[in-house]
1. Tell me which label goes with the value of P(r) over Cα pairs in 5 Å bins from 0, in percent computed from the coordinates here: [x] 3, 13, 12, 11, 12, 13, 10, 8, 6, 4, 3, 2, 2, 0; [y] 3, 20, 34, 24, 12, 5, 2, 0; [z] 3, 16, 20, 16, 12, 10, 9, 6, 4, 2, 0.
2. Hey, got the dipole for the chain? About the Cα centre, +1 on K and R Cβ, -1 on D and E Cβ, debye to the nearest 20?
3. Under the rule of -39500 (n - 2.57) per DSSP H run of 4 or more residues, summed and divided by the residues of the chain, what mean residue ellipticity at 222 nm is obtained, to the nearest 500 deg cm²/dmol?
4. Rounded to whole Hz and in sequence order, give me ³J(HN,Hα) for region 53-66 from the Karplus expression 6.51 cos²θ - 1.76 cosθ + 1.60, θ = phi - 60°, writing x for Gly and Pro.
5. Compare the Cα positions of SER62, ALA40, ALA27 along the charge dipole of the chain (+1 at Cβ of Lys, Arg; -1 at Cβ of Asp, Glu; about the Cα centre) and return the one farthest towards the positive end.
6. Work out from phi, with θ = phi - 60° and the Karplus expression 6.51 cos²θ - 1.76 cosθ + 1.60, the ³J(HN,Hα) of each residue of region 42-48, listed in order in whole Hz, and give x for Gly and Pro.
7. Given a cut-off of under 8 Å on Cα pairs at least six residues apart, what relative contact order in percent is computed for the chain?
8. So how far apart, in nm, are the two label points at GLN10 and GLU28 if each is 7 Å from Cα heading toward Cβ?
Amino acid sequence: MQTVKEINPQYVTNQSGKKTAVLLPIAEFEQIMEDLDDLAKIAERRDEQTISQTDLIAELKSDGLI
């Protein structure tokens, strides 16, 4: 996830100098969108039941996945 310091926006201003839009390199925009998607998924799954790593490994082994 990027920090604000890693983002290099350029601003579009109106005639009075008020910022009206932001320009970002495509790679930075895509990274921000990916980060937002990740955060949305985390929020959606916040209330899901969790299992321990030991139980997960045992389950994966019993399913033949590892």
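Read-outs: derived from the displayed coordinates by stated rules, not from any lab. Just so it is clear, the structure is predicted and the values come from calculations on it, not from any experiment. Here the Cβ is made from the backbone with ideal geometry for all residues, glycine too, and neighbour counts use every protein chain on show.
1. Identified label for the calculated read-out: [x].
2. Rounded to the nearest 20 debye, it is 500 debye.
3. -14500 deg cm²/dmol
4. 4, 4, 5, 4, 4, 4, 5, 5, 5, 5, 8, x, 8, 9
5. ALA27
6. Working through the residues one at a time gives 4, 5, 5, 9, 3, 8, 6 Hz.
7. Relative CO of the chain lands at 22 percent.
8. The two pseudo-label positions are separated by 1.0 nm.
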